[in-house]
Amino acid sequence: MAATTTTIEELPGVGPATADKLKEAGFNDLMALAVASPQSLADVAEIGNSAAQKIVLAAREVVDIGGFETGDVLLERRKSVNKVTTGSKGLDSLLGGGVETQAITEVFGAYGSGKTQLGHQLAVNATLPVDQGGLGGETVWIDTESTFRPERIVQMSLDQELDPEAILQKIHVARAFNSHHQMLLVEKANELAQTDTIRLFVVDSMTSHFRAEYVGRGVLAERQQLLNRHIHDIMRFGDVNNAAIFVTNQVMAKPDAFFGDPTRPIGGHVVAHASTFRIYLRKSKGERRIARLIDSPNLPEAEAIFTITEPGIRD
Ligand code: ADP
Ligand code: MG
């Protein structure tokens, strides 16, 4: 095996047919193979266990799967984390300063609670320099519900005296037609990140296709497995590019006799486990919205009030 192995096809034992099956199942790169269980590869690629084992070991020779690190090293790494402002000081401080890079921030809430608006504002703000509350970079946006509105970006940009045309050029939007397409678009984002400085990754909505396509108990495990892989692909993007990950998840507006608490997104537990920050949004009077931070690793559970107006997200 050449030291310069970069694609899964170059691994010994991976023929074109196997490569196709692996990719089909989301094992798109060497890292995915290196950390996979041989059994899962054997299943998806329809190969024997020992062949799968060899592929995994070969992939591990090429990529660094990491290991244990001491706290001081981790603290040093934390210093590379940046935070993008939401436009609301209250919401920023709820999040410990803004939406963090190298982490997943999930907002969930009912229709109209402001999830998509928040994404628009973050995409505009991400273009600002780091010392002005931005990330000095561009955005990739996976749109599953066709709710991205360039007009809204123009409004928000004008209010901040930014050139709308220049801002729009820094927001790369792809419409995902189904969950499989949605997962493939992460690969496209990886390609884009080779040439462009992508610092924000928006998936709006993360769960709607999965929820619509995998209905019923029989396919629940499969859905959660795919969603899990998708989230981990995106998380890796965030780590590699020091990008903030902002994903949305729609929940019911009212408590339901069967599902109970509306703050528990149905089937969204996979997302919940992977998310570093989870914000539950709900409507208040008029333009006011209430954000509640839930299960943060280092911040108290608390609430903030913000508004959605023509200029964007504000206090
Ligand atoms: P969600 O994605 O959670 O379903 P949205 O982010 O689309 O909700 O929020 C929609 C709400 O945002 C609208 O109900 C409206 O209150 C507000 N909104 C959208 N556009 C504007 C605007 N140009 N000016 C003021 N408020 C707006
Ligand atoms: Mg929306």
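Pairs, please: C-beta under 7 Å, at least 6 apart or cross-chain, first residue in the same structural domain as Leu281 (by TED's automatic domain parsing) and among the β-branched types (Val, Ile, Thr) and in segment 73-88, second surrounded by 13 or more Cβ atoms within 10 Å (Cβ to Cβ) and assigned to a helix (DSSP H, G or I)? So the pair list comes out as Val84/Leu122; Val84/Asn125; Thr85/Asp92; Thr85/Asn125; Thr86/Asp92; Thr86/Leu118; Thr86/Gln121; Thr86/Leu122. Tallying residues that are outside any helix (DSSP H, G or I), more than 16 Å from ligand 2 (Cβ to nearest atom) and more than 19 Å from Glu301 (Cβ to Cβ) within segment 78-116 yields 10.
Tallying residues that are within 11 Å of ligand 1 (Cβ to nearest atom) and assigned to a strand (DSSP E or B) within segment 274-302 yields 5.
Out of the residues in segment 117-145 that are assigned to a helix (DSSP H, G or I) and surrounded by fewer than 21 Cβ atoms within 10 Å (Cβ to Cβ), state the one that is nearest to ligand 1 (Cβ to nearest atom). Ranking the qualifying residues of segment 117-145, first place goes to Gln132. Within the span defined as segment 160-181, every residue fails to be among the hydroxyl-bearing types (Ser, Thr, Tyr), within 16 Å of ligand 1 (Cβ to nearest atom) and either more than 21 Å from Tyr280 (Cα to Cα) or surrounded by 21 or more Cβ atoms within 10 Å (Cβ to Cβ) (or both).
Checked against the criterion of being in a helix (DSSP H, G or I) and either in contact (Cβ under 8 Å) with a residue 60 or more places away in the chain or under 24 Å from Thr101 (Cα atoms) (or both), segment 33-50 has no qualifying residue. Take Leu135 and decide whether it is under 17 Å from the mean Cα position of the chain (by Cα) and within 16 Å of ligand 2 (Cβ to nearest atom). Answer is no for this residue. As a summary of the residue check, Ala110 satisfies the conditions (1) modelled with pLDDT under 95; (2) more than 16 Å from ligand 1 (Cβ to nearest atom); (3) surrounded by 15 or more Cβ atoms within 10 Å (Cβ to Cβ); (4) farther than 28 Å from Leu192 by Cα except for the one numbered (2). The single condition among (1) assigned to a strand (DSSP E or B); (2) modelled with pLDDT under 85 that Ile305 does not meet is (2).
The values are calculated or read from the model by the stated rules, or taken from the named source; none is laboratory data. Values in this document were obtained by computation on a predicted structure and should not be read as measured data. Here the Cβ is made from the backbone with ideal geometry for all residues, glycine too, and neighbour counts use every protein chain on show.
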